[in-house]
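Student: Just passing along the structure, written as structure tokens.
A short reminder: the numbers here are calculations on the coordinates, not readings from a lab. Not measured: the values here are computed from a predicted model. Please note: Cβ atoms are built from the backbone with ideal geometry, for glycine as well, and neighbour counts cover all protein chains shown.
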Amino acid sequence: MTVRSKLYEGKAKILYATDDPAVLLTYFKDDATAFNAQKRGSIEGKGSFNCAIASHLFKQLEASGIATHFIEQTSANEMRVQAVNIVPLEVVVRNIAAGSLCQQTGLSLGTVLHQPLVEFYYKNDALGDPLLTLDRLLLLALATAEQVTQLRAMALKINDVLKPFFLQCGITLVDFKLEFGLDQQQRLILADEISPDTCRLWNQTDDDPKQRVMDKDRFRHDLGDVALAYQQVMERVLQHTL
């Protein structure tokens, strides 16, 4: 596989073209951002931790019948993926109240939801990635009504796979963000990554609200030991399969 030009550089990853137009190379960076990139920094080893975690989780999801863009991990920081047209939506699944859900609803941090909550956010940095109603989503033609139904169903199925998987790892899956894309057959498939950058993960063996955090909230809120938390997630994840 020959790597060609850089196609896109985001906050956490770089996408490169290859000699196969249907295949891209994703490079995971150590860069870290929070609060819509208002806070910036670097987490040593984050790129390799996230690449390993995402690769392993994509394999578990594929084994459970969920189509993803993942092909293979090619180095510590790189994976080959299918080229897709990203749907400009962030699909968030919440099992426990945290973050903006608490801020916007008054729910207490740690409130267990009776059923998973699926939310759609407009993937648009200039607008601050706003939460969308279904009518606004359709007004902006970000997806069809049929696609929204499919995205919701896929997100809940992914949650059904990841919750028990993380439970095996001694980790509570609080909430997580997903991105999807359309492949060459115009099928919706899971894209982007699943990692401590995109999930809230709490250590089940620690009741301290600050110490239990094993995700990017450690960076967001200056809790320290960020790289160690990412490494611990990777080590636990790689030890388990479904």
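Student: Could you state the number of Å between the C-alpha centres of the range 203-242 and the range 72-131?
Tutor: 18
Student: Same structure again: Karplus couplings for the range 183-199 from phi (6.51 cos²θ - 1.76 cosθ + 1.60, θ = phi - 60°), rounded to Hz, Gly and Pro as x?
Tutor: Karplus-based 3J(HN,Hα) across the range 183-199 equals 7, 5, 8, 6, 8, 6, 9, 5, 10, 6, 7, 10, 6, x, 6, 10, 10 Hz.
Student: Here's a follow-up. Return the calculated 222 nm mean residue ellipticity for the chain, to the nearest 500 deg cm²/dmol, obtained by summing -39500 (n - 2.57) across DSSP H runs with n ≥ 4 and dividing by the residue count.
Tutor: -9000 deg cm²/dmol
Student: Cα to Cα, under 19 Å, and not fewer than 8 places away if on the same chain: which lysines meet these conditions relative to Lys13?
Tutor: Lys29, Lys39, Lys46, Lys123, Lys177, Lys216
Student: So, one more: Over all alpha-carbon pairs in the chain, figure out the percentage whose distance exceeds 26 Å. It would help to have the intermediate numbers written out before the result.
Tutor: Details: 10685 of 29161 pairs.
Here the long-distance tail beyond 26 Å is 37 percent of all Cα pairs in the chain.
Student: Also, I was wondering about something else. Which order, highest average first, do 91-98, 27-34, 49-56 follow once you tally other Cβ atoms within 10 Å for each residue and take the mean per peptide? Let's see the in-between values first.
Tutor: On the way: 91-98: 20.4, 27-34: 18.9, 49-56: 24.0.
Per-residue mean Cβ counts within 10 Å order the peptides as 49-56, 91-98, 27-34.
Student: Taking each full run of DSSP H in the chain as one helix, which ones are at least 20 Å long along their axis (Cα atoms) and have mean Kyte-Doolittle hydropathy of at least -1.0?
Tutor: 46-63, 145-168
Student: When a footprinting reagent is the concern and you count Cβ atoms within 10 Å, what order do Tyr121, Tyr8, Tyr16 take, fewest first?
Tutor: Working: Tyr121 19, Tyr8 12, Tyr16 16.
Ranking Tyr121, Tyr8, Tyr16 by Cβ neighbours within 10 Å, fewest first, gives Tyr8, Tyr16, Tyr121.
Student: Shifting gears a bit: Kindly put His221, His240, His69 in sequence by how many other C-beta atoms sit within 10 Å of each C-beta, fewest to most. Present the calculation step by step, with values, prior to reporting the outcome.
Tutor: Details: His221 12, His240 15, His69 24.
Fewest-to-most ranking of His221, His240, His69: His221, His240, His69.
Student: Something else: Hey, fewest Cβ within 10 Å first, where do Leu151, Leu190, Leu139, Leu223 land in order?
Tutor: Neighbour counts put them in this order, fewest first: Leu139, Leu223, Leu151, Leu190.
Student: What order do you get for 125-136, 160-171 when each peptide is scored by the mean count of other beta carbon atoms within 10 Å, highest first?
Tutor: Values: 125-136: 11.5, 160-171: 17.5.
Packing order, densest peptide first, comes out as 160-171, 125-136.
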